[in-house]
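The values are calculated or read from the model by the stated rules, or taken from the named source; none is laboratory data. Small disclaimer: the values here were computed from a predicted structure and weren't measured. Cβ coordinates were reconstructed from backbone atoms using ideal geometry, including for glycine residues, and neighbour counts include every protein chain displayed.
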Amino acid sequence: MSIWRLAPASQLGLALAGVALTAAVLSASAFSSLLPLGDMVRLPQPSRVLLIASAGAVLLTAGLVPRQGGVEDAGTPGLRPRGGTPPAGMVARWDLLAAGLGALGVMAVLVAVTDPLAVALLLILAGFGSAVGPGRRPMAVRARGPALAGLLLGVGWALHPSSGALGRLAALSLALSLVAVAALVPYLPEVDTDEPASSSYLTWTGFLAPALAVTLPIRVVPALTAEQATVFGASLVGLGLLNLGWGVVGAWRTGSDIAAWRYSFLADWGLVLIGVGFFQREGFAASYLALLSIVLVRLPLYMLARPDLPAGPGTVSVLVAVVLAGVAPFAGFPVRLLLLQAATRVAWPLAVLLLAAMVLWIAHSLRLARTLSAPVGRAVLGLWLTIAISLGLGLFSGALRAAAGL
């Protein structure tokens, strides 16, 4: 039977709408100079690359969800249904594919619109739109992060022409909006292991927020005064160090493997925020590469993880641990190298702190790797494909930077 016949009409419609919206945004951005309102839609090169990477991540995760007993694995973290028997394999894949492609269309609009106030409004609408789907937490709770991010972005952009205390408050508000949109500390949401991935924190932390984290600084920083830019950068570095420390220590010490994966996202995002806040070319390049790694490596590995099953042989675990620890030649190594270079130029004590966190990172990488040591079915292909992608990101980081103009 054709896959299209197996897809529920509502899910097929959402998937096609997401693809059409993404294609429309890419076309409008490519021909913006020919359109009457072309200045309103423009896609920076780093955002374009992340958009393409996100499309690949959707196909990878939706096509290679682990199976167990002939149905989709209800034990995958963030993929458990609310109760009862999990749906049949194809239906569950379409749930994930439709949600992913629909979110891809939303992402395309968010990163292409050039007016930060319009982005702020769209963030609020997108937050409530993503919270409409099934989930264990109340809708208002699930929509809180993106709605708060939109509010902070709107307030910060409205106040940025001000001087003095209001100007500094505007810069702080803009920095906090980046943290809120990615659901990071101090806006860390509750993790419900029985909630579908499309309704969990993954929607923003692992998928929608990365492209915004590249785009929003490109939009807002040129409009800030020197004093405001200093506040904005210092706030991001401080929040980045907070999330980096919280993530590395939390992933090491928590008693839950699923919570450890959650903390690992915080650690990666800590590197992203620090890189953006440095206002160095190497720092921004490190953030861009780290965001690619979140979308194409950490998110698929998390979706393939099986913390509810006993750990298998350790051969695969060692390789996955190397990938997650950012050891050469995999994706995390150029991120760490570039970030340490930027930190040395800004303030060498920051480089010492970063190096200490990177060494401590190894402890939780070994722990997370054990949840992927016994892949079954399609998960075997998914795991090795993700490892290959990580290797490609590490070996061809220069080409990826060139593609983004960095």
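Here Arg281 passes the criteria (1) under 17 Å from the mean Cα position of the chain (by Cα); (2) of a type in the set (D, E, K, R); (3) more than 21 Å from Thr371 (Cα to Cα) except the one numbered (1).
Between Ile362, Ile389, which is touching a Leu at 6+ places or on another chain (Cβ under 8 Å) and either of a type in the set (S, T, N, Q) or assigned to a helix (DSSP H, G or I) (or both)? Spell out the reasoning first.
Details: Ile362 fails: touching a Leu at 6+ places or on another chain (Cβ under 8 Å).
Selected residue: Ile389, the only one of Ile362, Ile389 that is touching a Leu at 6+ places or on another chain (Cβ under 8 Å) and either of a type in the set (S, T, N, Q) or assigned to a helix (DSSP H, G or I) (or both).
Determine the pairs where a residue that is touching a residue at least 24 places away in the same chain (Cβ under 8 Å), located within the range 314-330, has a partner that is of a type in the set (Ser, Thr, Tyr) and in a loop (DSSP other than H, G, I, E, B) with Cβ atoms under 6 Å apart, the partner being 6 or more residues away or on another chain. Final answer for the pair search is Val316/Ser373; Ser317/Ser373.
Scanning the range 96-131 for residues that are in contact with a Ser or Thr (Cβ under 9 Å, 6 or more places away or on another chain) and part of a loop (DSSP other than H, G, I, E, B) gives a single hit, Ala131.
From the residues in the range 228-282 that are aromatic (Phe, Trp, Tyr) and either in a helix (DSSP H, G or I) or farther than 29 Å from Gly398 by Cα (or both), which one is modelled with the lowest pLDDT? Among them, the one singled out is Trp252. Consider Val155 carefully, then state whether it is modelled with pLDDT of 95 or more and among the β-branched types (Val, Ile, Thr). Against the criterion (modelled with pLDDT of 95 or more and among the β-branched types (Val, Ile, Thr)), Val155 qualifies.
Residue by residue through the range 339-360, note down the ones that are touching a Phe, Trp or Tyr at 6+ places or on another chain (Cβ under 9 Å) and either under 19 Å from Leu319 (Cα atoms) or not charged (D, E, K, R) (or both). Even if it seems obvious, please write down each step before you answer.
Quick first cut of the range 339-360, residues touching a Phe, Trp or Tyr at 6+ places or on another chain (Cβ under 9 Å) only: 339, 342-343, 345-346, 350, 360.
Listed by number, the residues that qualify are Leu339, Ala342, Ala343, Val346, Leu350, Leu360.
Restricting attention to the range 1-31, the residues that are at pLDDT below 75, part of a helix (DSSP H, G or I) and under 16 Å from Gly100 (Cβ atoms) add up to 2.
The sole residue among Ala213, Ala140, Ala209, Ala223 that is surrounded by fewer than 16 Cβ atoms within 10 Å (Cβ to Cβ) and within 18 Å of Val111 (Cβ to Cβ) is Ala223. Taking first residues from the range 224-236 that are touching a residue at least 40 places away in the same chain (Cβ under 8 Å) and within 17 Å of Pro116 (Cα to Cα) and partners that are of a type in the set (Lys, Arg) and buried (at least 19 other Cβ atoms within 10 Å of the Cβ), the Cβ contacts under 9 Å between residues at least 6 apart in sequence or on separate chains come to Gln228/Arg168. Pairing each residue of the range 183-203 that is farther than 19 Å from Leu96 by Cβ and among the acidic types (Asp, Glu) with any residue that is assigned to a loop (DSSP other than H, G, I, E, B) and modelled with pLDDT under 85, provided the two are 6+ apart or on different chains, yields C-beta distances under 7 Å for Glu190/Arg137. Among the residues of the range 68-77, is there at least one that is more than 29 Å from Arg219 (Cα to Cα), in a loop (DSSP other than H, G, I, E, B) and modelled with pLDDT of 50 or more? The answer is no, given that none of the residues of the range 68-77 is more than 29 Å from Arg219 (Cα to Cα), in a loop (DSSP other than H, G, I, E, B) and modelled with pLDDT of 50 or more.
Scanning the range 368-406 for residues that are touching a Ser or Thr at 6+ places or on another chain (Cβ under 7 Å) and either of a type in the set (Val, Ile, Thr) or farther than 20 Å from Thr315 by Cβ (or both) yields a total of 1.
Conditions tested, residue by residue: (1) surrounded by fewer than 22 Cβ atoms within 10 Å (Cβ to Cβ); (2) hydrophobic (A, V, I, L, M, F, W, C); (3) at pLDDT 85 or above; (4) out of contact with any Pro (no Cβ under 6 Å at 6 or more places or on another chain).
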| residue | (1), (2), (3), (4) |
| --- | --- |
| Leu37 | yes, yes, no, yes |
| Pro81 | yes, no, no, yes |
| Thr85 | yes, no, no, yes |
| Gly89 | yes, no, no, yes |
| Ala108 | no, yes, yes, yes |
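Filtered by the rule that a residue be surrounded by fewer than 20 Cβ atoms within 10 Å (Cβ to Cβ) and within 19 Å of Arg336 (Cβ to Cβ), the range 358-386 gives Val359, Leu360, Ile362, Ala363, Leu366. Scoring Arg367 on the criteria (1) closer than 25 Å to Gln45 by Cβ; (2) in contact with a Phe, Trp or Tyr (Cβ under 9 Å, 6 or more places away or on another chain); (3) not β-branched (Val, Ile, Thr) leaves a single failure, condition (1). I'd like to verify a number: residues in the range 159-200 that are farther than 19 Å from Gly233 by Cα, in a helix (DSSP H, G or I) and hydrophobic (A, V, I, L, M, F, W, C), how many? So the count comes out to 1. Taking every residue in the range 42-59 that is more than 20 Å from Trp204 (Cβ to Cβ) and polar (S, T, N, Q) and pairing it with any residue that is in a helix (DSSP H, G or I) and at pLDDT 90 or above, at least 6 positions away or on another chain, the pairs with Cβ-Cβ distances below 8 Å are Gln45/Ala403.
To keep it simple, each residue is scored yes or no on (1) at pLDDT 90 or above; (2) closer than 21 Å to Val49 by Cβ; (3) in contact with an Asp or Glu (Cβ under 8 Å, 6 or more places away or on another chain); (4) assigned to a helix (DSSP H, G or I).
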| position | (1), (2), (3), (4) |
| --- | --- |
| Leu291 | yes, yes, no, yes |
| Val295 | yes, yes, no, yes |
| Leu299 | yes, yes, no, yes |
| Asp308 | no, no, no, no |
| Gly312 | no, no, no, no |
| Pro334 | yes, yes, no, yes |
| Pro349 | yes, no, no, yes |
| Leu355 | yes, no, no, yes |
